[in-house]
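J.: This is the structure I want to talk about, given as structure tokens.
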């Protein structure tokens, strides 16, 4: 009687003894179970079945539009139009900035060195009065600009981007120095209206500058509390807007020049090695 051969799925792991009628003994090993290839195939299909069940239980979410820009610095600089909330964020960001603190400390120190006004003391108390005056003027200036600009739909930025929703709006990009300087100074008193898509007088900046100059009359001593000094303070505040607009216009050029001056903006060039020359032949 021939020996029965186990099927392919049975692989050798245990040893058994098969006694034949001819009294010969033959040992073979067998394993009851699937082959390695069949095990991988079963595992793959089980994995695919679990994925199908997961997708069936959790349907794909419906499409939703991307979130609207908010109060991040990128949106504040690149939004063609700003909502009232975004203008409020821009206003709040102007209140507590390193430049505002440094400006108040710098101009307060100059006034303290000139001992103006003479009624104010020197030392720490005098510096506190000077610093508080300049910083309060800066806050009142920003507040007046925001309130009037929000009421009249004026863009508060010194250089707003081009608005595609206003196709008739003239938008000229100057490349020469003097036209760019003139455009930056014009934007101090001439701004874009984001409701009518027109340009007009920047009443918000004028109101902010006047409020900054006249608010100091609430605490200045009598020797300095005059209309002339109030209008002088208003002119200084408007000059701050002019400096901000010019710096915004030439900011990229200033950093580019600084990079070239200190070597950070110069491209790195690799010097090619000189070609190898054969040694001169000695004449005999």
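J.: Kindly evaluate residue 44 against the criterion of being more than 27 Å from the chain's Cα centre (by Cα), exposed (fewer than 13 other Cβ atoms within 10 Å of the Cβ) and at pLDDT below 90.
T.: yes
J.: Here is a follow-up. Do you know which residues across the stretch 214-223 are in a loop (DSSP other than H, G, I, E, B) and surrounded by fewer than 17 Cβ atoms within 10 Å (Cβ to Cβ)?
T.: First pass over the stretch 214-223, keeping only residues in a loop (DSSP other than H, G, I, E, B): 219-223.
The answer is 219, 221, 222, 223.
J.: Quick check on my filter: what residues within the stretch 232-276 are modelled with pLDDT under 55 and exposed (fewer than 12 other Cβ atoms within 10 Å of the Cβ)?
T.: Answer for the stretch 232-276, where residues must be modelled with pLDDT under 55 and exposed (fewer than 12 other Cβ atoms within 10 Å of the Cβ): 266, 267, 268, 269, 270, 271, 272, 273, 274, 275, 276.
J.: Could you go through the stretch 114-123 and let me know if any residue there is under 27 Å from residue 154 (Cα atoms), modelled with pLDDT of 80 or more and assigned by TED's automatic domain parsing to the domain that holds residue 146.
T.: No, the conditions are met nowhere in the stretch 114-123.
J.: Still on this structure: Which is within 25 Å of residue 219 (Cα to Cα), over 27 Å from the mean Cα position of the chain (by Cα), assigned to a helix (DSSP H, G or I) and in the same structural domain as residue 254 (by TED's automatic domain parsing), of 102, 131?
T.: After applying the criteria, what remains is 131.
J.: Output the number of the condition that residue 186 fails; it satisfies all remaining conditions of (1) closer than 24 Å to residue 73 by Cα; (2) modelled with pLDDT under 95; (3) in a helix (DSSP H, G or I).
T.: (1)
J.: When you scan the stretch 200-213, do you find a residue that is buried (at least 18 other Cβ atoms within 10 Å of the Cβ), assigned by TED's automatic domain parsing to the domain that holds residue 142 and closer than 23 Å to residue 119 by Cβ, even just one?
T.: Yes, the conditions are met somewhere in the stretch 200-213.
J.: Here's another thing I want to ask about it. Taking the criterion of being modelled with pLDDT of 80 or more, outside any helix (DSSP H, G or I), assigned by TED's automatic domain parsing to the domain that holds residue 237 and surrounded by fewer than 11 Cβ atoms within 10 Å (Cβ to Cβ), would at least one residue in the stretch 82-97 satisfy it? Working first, answer last.
T.: In the first step, residues of the stretch 82-97 are kept if they are modelled with pLDDT of 80 or more; the result is 82-97.
Pick out the ones that are also outside any helix (DSSP H, G or I) and you get 82-83, 96-97.
Next, only the ones that are assigned by TED's automatic domain parsing to the domain that holds residue 237 stay: 82-83, 96-97.
Those left that are additionally surrounded by fewer than 11 Cβ atoms within 10 Å (Cβ to Cβ): 96.
Yes, there is a match, as at least one residue in the stretch 82-97 is modelled with pLDDT of 80 or more, outside any helix (DSSP H, G or I), assigned by TED's automatic domain parsing to the domain that holds residue 237 and surrounded by fewer than 11 Cβ atoms within 10 Å (Cβ to Cβ).
The values are calculated or read from the model by the stated rules, or taken from the named source; none is laboratory data. Since the structure is predicted, the reported quantities are computational estimates derived from the model, not experimental observations. Note: ideal-geometry Cβ built from the backbone for every residue, glycine included; neighbour counts use all protein chains shown.
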